[in-house]
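Undergrad: Shown below is the structure under consideration.
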């Protein structure tokens, strides 16, 4: 398949399932539905670029993995949770979670993105890229088929010049994000 997701590490899955009791304590039917249907769980690795690196022209090579976005779909609603390593420890835990009726439509959107790449000869890996200093979170389609370039689709954008669900090149994204990051942080391009 041309668009793939890396397998969710076991310790991330364990942290997600153990955190369900805390984060879904008021949603017992959803919690049980998720436990009974592990095939309806999607994990996307989250990468981050430090604002100073972003401002100085850093690219995806400077991105570091920081967490996993776990999407678990129920019949009417679902949960979106971020699972990250606990600072100073080896274990993982849910760091944020939200129950929303928007999770099933988001899962359908991801399936459409995957289906849209079925005919593409290039291979991509789906990741999320966070640029908090630039108010951006992007679906990062990491190319595994050079010279095919990476592609970026904003999922959260606080920049007028970057529209959600549009596809951008690395040059387009990093140019705009670097300008915003410089304005919103104390970092300056030397």
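None of the figures in this text is laboratory data; all of them are computed from the coordinates on show. Remember, predicted model here, so these are calculated numbers, not experimental data. As a convention, Cβ positions derive from the backbone with ideal geometry for all residues, glycine included, and neighbour counts pool all protein chains shown.
Undergrad: I'd like the full set of residues that are outside any helix (DSSP H, G or I) and touching a strand residue (DSSP E or B) at 6+ places or on another chain (Cβ under 7 Å), limited to the stretch 9-44.
TA: Passing the criteria: 24, 27, 41, 42, 43, 44.
Undergrad: Let me ask another. Would you be able to tell me the number of residues in the stretch 69-96 that are touching a helix residue (DSSP H, G or I) at 6+ places or on another chain (Cβ under 8 Å) and either touching a residue at least 60 places away in the same chain (Cβ under 8 Å) or closer than 14 Å to residue 16 by Cα (or both)?
TA: Of the stretch 69-96, the ones touching a helix residue (DSSP H, G or I) at 6+ places or on another chain (Cβ under 8 Å) are 70-81, 83, 91-94.
This time we only want the ones that are either touching a residue at least 60 places away in the same chain (Cβ under 8 Å) or closer than 14 Å to residue 16 by Cα (or both), so: 70-73, 78-81, 83, 91-94.
Of the residues in the stretch 69-96, 13 are touching a helix residue (DSSP H, G or I) at 6+ places or on another chain (Cβ under 8 Å) and either touching a residue at least 60 places away in the same chain (Cβ under 8 Å) or closer than 14 Å to residue 16 by Cα (or both).
Undergrad: Any idea which of 104, 6 is without any contact (Cβ under 8 Å) to a residue 60 or more places away in the chain, on the phi < 0 side of the Ramachandran plot and surrounded by fewer than 19 Cβ atoms within 10 Å (Cβ to Cβ)? Show your work before the answer.
TA: On the way: 6 fails: without any contact (Cβ under 8 Å) to a residue 60 or more places away in the chain.
One residue alone meets the criteria, 104.
Undergrad: Take the stretch 19-34 and flag every residue that is surrounded by 13 or more Cβ atoms within 10 Å (Cβ to Cβ) and either without any contact (Cβ under 8 Å) to a residue 12 or more places away in the chain or in contact with a helix residue (DSSP H, G or I) (Cβ under 8 Å, 6 or more places away or on another chain) (or both). Write out each step before concluding.
TA: Keep residues of the stretch 19-34 that are surrounded by 13 or more Cβ atoms within 10 Å (Cβ to Cβ), which gives 19-20, 23-24, 27, 30-34.
Result: 20, 24, 31, 32, 34.
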